[in-house]
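All of the numbers you see were taken from the coordinates with simple rules; none came from a lab. Just so we're clear, the structure is a prediction, and the values are computed from it rather than from any experiment. Note that each Cβ is placed from the backbone with ideal geometry, even for glycine, and that neighbours are counted across all protein chains shown.
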Amino acid sequence: MRAACVSLILLLSAAIGYSEQRNAGPAVPAGLIGEPQTIPLWENGAPGALGNEDRDKPTITIYAPVDASETGTAVIVAPGGGYTFLATNHEGRQVANWFNALGITAFVLKYRLGPRYHHPIELGDAQRAIRLVRARAKEFEVRPDRVGIMGFSAGGHLASTAATHFDDGDPGAADPINRVSSRPDFVILAYPVISFTAPYTHHGSLMALLGENPDAELRRDLSNELRVTPQTPPTFLFSTSADTGVPPENSAAFYLALHKAGVPAELHIFEKGPHGVGLDLADPTLGEWPALLANWLRNRGLLAK
């Protein structure tokens, strides 16, 4: 009973966006205690930066649980926003706090946006975040083989792109971060944009990422349901039938591609619910998706027993 009460308190803290770590015990890495810490993806400026403003500086904000070593699991969270803004509150900070309640370290990604930036800048930011967390896993008290990525809406497109466009790293790179793989170990997609060629394409995301009249081959390359292979990481997806912003056909197409390739995958499409719901813990039906995700993570050995 006591454990259940503790879990409920932690979950309620996540729902209201509570971000302070109340326990400053020795298990929390030095420098991560208290307020979340934001660090640049590149110390000396991001490649391809068009200026020196905040929008030109991709970062990750680190939300550490009380005991990061309990699970050793890390999740990079890519908020949505149609590749033109970032919904960092309900698709970033609150989700990070929810992961913390599960003992997972969350890294909210601030990636560069269109129309100022186009592909491959956004993908490069996501790949760099994966590499950075993996390369500094010991510092963050996570395991380098438990680095996942989660994306919402257009952030889901970015996460699915990272899941289908990755490399093993360059062993001879001068930058040690570039020596490690950019492949996420698992993927979580919430009402994601997936296809840039299908009738249900989200044209706002397409134009923001690729500009006006993008090349047909590039559109196909970034239609991620077409890029799934047996090496694509295990994936959890959810969407709603009522989503008219990013139709659930996106999620279904990616799931079917994963299933065909033999990649472990789980898909939930709820009947009701608008686009951009975030955690939505107030909805007794749709609000079940975080519990379903927690079960999926547990079944994959990514949570403490």
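Some points to look at:
- Summing +1 for each Lys or Arg and -1 for each Asp or Glu among the other residues whose beta-carbon sits under 13 angstrom from that of Leu218 gives -1.
- Lysine pair count for the chain [Cα-Cα under 26 Å; pairs on different chains or 8 or more apart]: 4
- In plain terms, the chain from Arg136 to Arg298 could stretch by 55.9 nm, reckoned as 0.36 nm per residue minus the Cα-Cα distance.
- Dipole of the chain, positive direction: furthest Cα of Ile130, Asn224, Gly301, with charges on the beta-carbon: Gly301
- Footprinting exposure proxy for Met150, Met207 (fewest neighbouring C-beta atoms within 10 Å first): Met207, Met150
- A viscosity of 0.890 mPa s and a temperature of 25 °C, combined with the Kirkwood radius over C-alpha pairs in the Stokes-Einstein formula, give region 2-299 a diffusion coefficient of 128 µm²/s.
- DSSP loop GluC sites (Glu not before Pro) with at most 12 other Cβ within 10 Å excluded, longest remaining stretch of the chain: 54-211
- Antiparallel bridges, percent of DSSP beta bridges restricted to the chain (to nearest 5): 30
- Förster-model FRET efficiency, 22 Å R0, Ala291 and Glu70, C-beta, rounded to 0.05: 0.70
- Simple point charges give the picture: +1 on the Cβ of Lys and Arg, -1 on the Cβ of Asp and Glu, and for the chain a dipole about the Cα centre of about 540 debye.
- When shorter helices are ignored and each DSSP H run of at least 4 residues is given -39500 (n - 2.57), the per-residue value for the chain at 222 nm works out to -8500 deg cm²/dmol.
- The modelled label-to-label distance for the pair Lys305/Lys272, using points 7 Å beyond Cα in the direction of Cβ, is 4.0 nm.
- Extension gain from His259 to Asn52, taking 0.36 nm per residue of separation minus the Cα-Cα distance: 70.2 nm
- Ranked by how many other Cβ atoms sit within 10 Å of their own Cβ, fewest first, the residues Lys110, Lys57 fall in the order Lys57, Lys110.
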